[in-house]
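Report on one structure; see the data block that follows.
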Amino acid sequence: MPYPYVLLSAAVSLDGFLDDTGPERLLLSSPADFDRVDEVRASVDAILIGAGTLRADNPRLLVNSAERRAARVAAGRPAYPLKVTVSASGDLDPVARFWHTGGDKLLLTTDRGADRARAAGIAADVAALGPGLDWRRALEHLHDVRGVRRLMVEGGGTIHTQLLQQGLADELQLVLAPLFVGDPDAPRLFGPGAYQGGRLRLVETRRIEDVVLMRYEPTAPGTGPLPSAADRRWLALACDLADRCPPSDTAFSVGAVVVAADGTELARGHSREGGDPVVHAEEAALATLGPDDPRLAGATVYSSLEPCARRASRPAPCARLILDAGVRRVVTAWREPDTFVEAADGSGLLAAHGADVVVLPEYEERAKGPNRHLLG
């Protein structure tokens, strides 16, 4: 199921702390950066914090600028984004400022936590997600039930860690403050554990008074059948490549990207590339790589259309080329229709030989774009 675009926002000291251990919150951002955060808040559909942050900071979590609130209303949106918190126990203070300022509020919790929160009189919609908390289910609920398309996550460190480790963060906005905390008991931004491999891509750096904003995007593909945020970005690139295909009335326009496990782009291609009237996107991409490239075993192929299982123009269909290359993970936007080949099932061929096939249907319309004339 589709998830919102998840933006992680945090400010840290030079030695990586979110706060100190004093009774008052340590202000790490500059005044101009606080205004930037307010601008980001005004741009999203929902803002999320964890129960620990709610208890420690007692935040209001508002859009402070009256002009930005007015602009939201003029655009047909509520003045304030939905405020969301997550708590497995549901043990939250019903008089906290979070519940009594701003617009709509939502508590994502467990079945047991929902009973506790309702009994305490929490002034929010309470969504029980089952016996335990699961981030994928929580994001699906926000997307499908609450209509959240852009989600800003403001902490704390545990939530940031979990979303990054599970490959669910689309962007990290990190502000570096020019001071040290040095207290080993103070909260850090990221905790230990298994993160996705590879380097994040630096999108932007910006000096804001005496702090520096750094924006990063993850690049490493997901693993197995579960999609990651980076999978969506690479598949979007494959869809963009499909727009470069020379037009045809007898073949689909498809784009493909091959990405190593560490997020390195290995190859890309599109249908009818290089003047070859019958070359397919996956075929064009794989042809640029050596057949014994060791990175292919852990790579993911992104294709805007399901790789073909049968074709007349070449001896081997693209699904077979992918398998022969050693790739065992494919992400696609659109299952092949019966336009040229009846009962095409490249996904079935791939799965039958041990490959994981991930379909992201939210990109189907984008993949169909350059093929509208073929679909009737």
Problem set entry | 10 Å beta-carbon shell around LEU7, net charge (K/R +1, D/E -1) | -1
Exercise. What is the local net charge at ALA220, summed over the other residues whose Cβ is closer than 10 Å to its Cβ (Lys, Arg +1; Asp, Glu -1)?
Worked result: -1
Exercise. Amide H to amide H under 5 Å from LEU189: which residues, 5+ apart in sequence or cross-chain, H placed 1.01 Å off N in plane?
Worked result: LEU18
Seminar exercise, completed: So, relative contact order of the chain in percent, Cα under 8 Å, 6 or more apart, is 15
For this session: Would you give the gap between the C-alpha center of the range 222-285 and the C-alpha center of the range 78-113, rounded to a whole Å?
Result: 42
Seminar exercise, completed: The helix 111-120 Cα axis meets the longest alpha-carbon principal axis of the chain at an angle in degrees, between 0 and 90 and rounded to 10, of 30
For this session: Can you tell me how much longer the chain between VAL278 and ARG149 gets when fully stretched, taken as 0.36 nm per residue apart minus their C-alpha distance, in nm with one decimal?
Result: 42.6 nm
Seminar exercise, completed: In debye to the nearest 20, the charge dipole size for the chain, taken about the Cα centre with +1 at each Lys and Arg Cβ and -1 at each Asp and Glu Cβ, equals 540
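LEU54: net charge of surrounding residues, Cβ under 12 Å, Lys/Arg +1, Asp/Glu -1, itself excluded?
On the way: positive: ARG55, ARG60, LYS83, ARG97, LYS105; negative: ASP57, ASP91, ASP93, GLU154.
Within the 12 Å Cβ shell, the charges total +1.
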Exercise. Based on DSSP H runs of at least 4 residues, each adding -39500 (n - 2.57), what is the mean residue ellipticity at 222 nm of the chain after dividing by all its residues, to the nearest 500 deg cm²/dmol?
Worked result: -7500 deg cm²/dmol
For this session: Take every DSSP beta bridge whose two residues both sit in the chain, then give the antiparallel share in percent to the nearest 5.
Result: 40
Exercise. For ARG206 and ALA287, FRET efficiency with R0 = 41 Å and r from the beta-carbon atoms, rounded to 0.05?
Worked result: 0.50
Seminar exercise, completed: Amide H proximity to VAL126 below 5 Å, modelled H, separation 5+ or other chain, gives LEU107
Exercise. Which FRET efficiency value, to the nearest 0.05, is calculated for THR223 and ASP134 with the Förster distance at 25 angstrom and r the Cβ-Cβ distance?
Worked result: 0.90
For this session: For the chain, just the Cα atoms, rotate onto the principal axes and tell me the three extents in Å, largest first.
Result: 71, 41, 40
For this session: Calculate how many DSSP beta bridges within the range 229-375 are antiparallel, expressed in % of all such bridges and rounded to the nearest 5.
Result: 55
For this session: Set the Förster distance to 22 Å, then compute FRET efficiency between ASP356 and ASP243 from the Cβ-Cβ distance, nearest 0.05.
Result: 0.25
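Readers should treat all values here as calculations from the given coordinates under stated rules, not as data from a laboratory. These figures come from a predicted structure and were not determined experimentally. Virtual Cβ from ideal backbone geometry, glycine too; neighbours counted across all protein chains shown.
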